[in-house]
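Here the structure comes first, spelled out in C-alpha cells, and everything after it is commentary.
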Amino acid sequence: MWALKDKYAIVGTGYTDYSKNSGTTVLNLATEACLNAANDAGLPPEEIDGLVSFQFNDSVPATSVAAAMGIPAARYAVDIAGGGNAANLVILSAIAAIEAGLAKHVLCYRAMNGRSGFRLGGGRAMQAHGITQFTAPFGWITYPQAMAMWCRRHMIKYGTTTDQLGAIAVTFRDNAVLNPRAMQRQPITLDDYRAARPIVDPFRMLDICLESDGACAVLVTSAARAKDLRHKPVYVMGGAYGGGANQGDDLFDCLRWADHSENYAAYIADDLWAGAGVGPEDVDVAEIYDCFTYSVVAQLEGLGFCRPGEGPDFVQGGRIARDGALPLNTHGGLLSEAYIHGLNHVVEAVDQLRGDAGARQIPEAEIALTTAGAMTCGSALVLRR
Amino acid sequence: MYNKPLPVPDADTKPFWNGCREGRLLVQCCTACGARRLPPERFCPHCHSADSTWQPVSGRGRIYSWIVVRHPVPDDVYGGDVPYVVALIDLAEGVRIASNLVACDVDAVTADMLVEVVFEAVTETVTLPKFRPV
Ligand SMILES: [Zn+2]
C-alpha cells in the first residue's frame, strides 16, 4: 500500500493547444507542454532530471524530449507501454523514482497527434496475432466496441439505461463550455444525446470521447523541494495502480475477466483510500477517466461513491454538476475537453486545488480525486491543496 | 476476396483453429487439474502445468453480453456488414468465447439467449466459429 502520504507534490502543469490538427510533430507538442510545466513551477528546465510518459507507439521517447528541452543529465527517462490506465501511474512512477534517489524533479507527460496522426479508435491490422485471434476476426476491434460490451453487461445486471448515461455527457459538456482549453464548447441537451448517431450499441457518438492532438505535462517533486517553488504545492495524499485477476494480454483483451459489470476500480479502492487516509465522502471534486460515459459509472461504483449498480442513479439530478455534492470532470473530461489520455484530468485537478479554474472553479476545493483507466487495470490519485 | 482480419495461428492456438476447420469446437483442458481454458495458453493458470489436451465441447451456450456495431471501422472493410452483433458467449462447459451472432435480427438479441455454434469457412484455410439462436 501507498506509504508516502503528503510527501510528494505536483508543482507545475503545462499544456499545448488541444486541436484536431496540431500541424506539428508529437515531439514538439511534448517539449512545449514539458517546458510550460517547468516554467509554471518556476524551475529552470536544466534542473529537470527525470521524464516519464506512456504511449502505444504513438508518441516520442522520454529521452528525445529530454534532449529537445536541453536537459543536461536525464537520470530517469522511462516510457510506459500503456493507455489511459497509465495516466496516473506515471506520477506514481515519478514519485517512486524520486523516493529511490534516482531523480529529483520529474516531468510526467502525454503527447499525441491522436486525431491527425495515429488514431487509437481507427482499427487494427488485418492479421490477427496473439490474443486478437479471438476478437478481431469477429469484427470486434475498436475501443468503443470493447467498452460497449462492458456497458451492456452492466445494463443486463442492473437495468442501466442510455438516458442515465446521457446525464454524464450533458454535465461534462456544461463544464467544457466554461473551459477555454476545451475542444467542444457548445452546450448539449439530453435530446441532443438521444439524437446522436448510433456507433456501437449501446453507445452513441456522445458516449464516446474526442480524438485530439495535443500534450500536457505535470512536474513532480518532493514536498520539501516544493515549498521553494512558485505555486502552493498540490500534495499527493494517496495513489494506487492495479486491477483484478486476468488483466488481459493487451488493453483491449477482457476475455478472461470474470465480471464485466465491474472494472479495475473495485480492486484498487481499498489501497487508494487507506493510503490517502480519507474516503469518498471527503472528495470535493473528482476528475474521472471518461473515455466513455459508462466508464464513469463503473469507477464511481468501484471506488465506493455508491454501491454496485447504483452508479446510473447516482449521476442523476445534478449530483455531479459543479454545484452538486460531487462535481465531476469540471474541465469537460475526455468527452468534451480533449483526449490527452487522462493526464489532462490531473492538470484540471491541480487547477481546481490551486483555485485557478476560473469560471468552472469549485469553491474551496481541498481534496481532489483523479482516475485513469476503464477496463481491467487502472490508476488513481488523491490530491490536496 | 475476404478482407477482414484473419487469425494467425501460433503454437498455442493451432489446435483450436484446426478443429474449426474440421467443424469441431475444441477447448483446452489441463491434464493435471482438469480445468478447461479458452483462449489457449501454454501453462494452466490454476496449477501451472504445461500438459493439456483438446476436448470437443457441445458448442451450446448463452449470451453473456453483446454489442451491435452500427458504424463500420474501417468503413471499407465492414461497411457492407453493419449492423452486426458481437457477443460474449458462456459455453455450457464453463468457458467464454467471443464471436458473431448470425441468423438473428440484431434488435432481437437478449441476455441469456441460447445459442449454438455454426462454422463459417471464410477462406480456404480459415474457418470461424460463429453462433446462432437455438
Ligand atoms: Zn491445471
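For segment A:45-73, a residue qualifies if it is in a loop (DSSP other than H, G, I, E, B) and in contact (Cβ under 8 Å) with a residue 24 or more places away in the chain, and the qualifying residues are A:ILE48, A:ASP49, A:PHE56, A:ASN57, A:ASP58, A:SER59, A:VAL60, A:MET69, A:GLY70, A:ILE71, A:PRO72, A:ALA73.
Kindly indicate the residue of segment B:20-31 that is under 12 Å from the mean Cα position of the chain (by Cα) and either away from the ligand (no atom under 16 Å from the Cβ) or basic (Lys, Arg) (or both) and also nearest to the other protein chains (Cβ to nearest Cβ) among those meeting that condition. Write out each step before concluding.
At the first step, the residues of segment B:20-31 found to be under 12 Å from the mean Cα position of the chain (by Cα) are B:20, B:24-27.
The next check asks that each one be either away from the ligand (no atom under 16 Å from the Cβ) or basic (Lys, Arg) (or both); those that pass are B:20, B:24-26.
Values: B:CYS20: 10, B:ARG24: 17, B:LEU25: 13, B:LEU26: 13 Å.
This residue is B:CYS20.
If you go through segment B:69-122 and keep only what is farther than 18 Å from B:PHE16 by Cβ, in a loop (DSSP other than H, G, I, E, B) and more than 12 Å from chain A (Cβ to nearest Cβ), you end up with B:ALA103, B:CYS104, B:ASP105.
Among the residues of segment A:104-142, the one identified as among the aromatic types (Phe, Trp, Tyr) and in contact with a Cys (Cβ under 7 Å, 6 or more places away or on another chain) is A:TYR109.
I'd like the full set of residues that are more than 8 Å from chain B (Cβ to nearest Cβ) and basic (Lys, Arg), limited to segment A:144-160. Across segment A:144-160, the qualifying residue is only A:LYS157. Figure legend. Inter-residue proximity from segment B:41-60: first residues within 19 Å of A:ILE131 (Cβ to Cβ) and modelled with pLDDT of 95 or more, second residues away from the ligand (no atom under 12 Å from the Cβ) and assigned to a strand (DSSP E or B), beta-carbon distance below 9 Å, spacing 6+ or different chains. Indicated pairs: B:TRP54/B:LEU26; B:TRP54/B:VAL27. Screening A:ASP284 against (1) over 21 Å from the mean Cα position of the chain (by Cα); (2) among the acidic types (Asp, Glu); (3) modelled with pLDDT of 95 or more leaves a single unmet condition, (1).
When A:GLU281 is tested against (1) among the acidic types (Asp, Glu); (2) surrounded by fewer than 24 Cβ atoms within 10 Å (Cβ to Cβ); (3) not in a helix (DSSP H, G or I), exactly one condition is not met: (3).
Every residue, every condition in (1) in a loop (DSSP other than H, G, I, E, B); (2) surrounded by 17 or more Cβ atoms within 10 Å (Cβ to Cβ); (3) more than 12 Å from chain A (Cβ to nearest Cβ), yes or no:
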{"position": "B:ASP12", "(1), (2), (3)": "yes, no, no"}
{"position": "B:CYS33", "(1), (2), (3)": "yes, no, yes"}
{"position": "B:GLU41", "(1), (2), (3)": "yes, no, no"}
{"position": "B:HIS46", "(1), (2), (3)": "yes, no, no"}
{"position": "B:GLN55", "(1), (2), (3)": "no, no, yes"}
{"position": "B:GLY61", "(1), (2), (3)": "no, yes, yes"}
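The residues of segment A:133-143 that are facing chain B (nearest Cβ under 7 Å) and assigned to a helix (DSSP H, G or I), listed by number, are A:GLN133, A:PHE134, A:ALA136, A:PRO137, A:PHE138.
When you go through A:ALA103, A:ALA146 one by one, which is the residue that is of a type in the set (A, V, I, L, M, F, W, C) and in a loop (DSSP other than H, G, I, E, B)? Exactly one residue qualifies, and that residue is A:ALA103. Of the listed requirements (1) farther than 24 Å from A:ALA196 by Cβ; (2) touching a residue at least 40 places away in the same chain (Cβ under 8 Å); (3) within 21 Å of the chain's Cα centre (by Cα), A:GLU301 misses just one: (2). Within segment A:203-233, the set of residues being within 14 Å of chain B (Cβ to nearest Cβ) and surrounded by 22 or more Cβ atoms within 10 Å (Cβ to Cβ) comprises A:PHE203, A:ARG204, A:LEU206, A:ASP207, A:ILE208.
The values are calculated or read from the model by the stated rules, or taken from the named source; none is laboratory data. As the structure is a prediction and not an experimental result, all values here were calculated from the model. All Cβ positions, glycine included, derive from the backbone under ideal geometry; neighbour counts span all protein chains shown.
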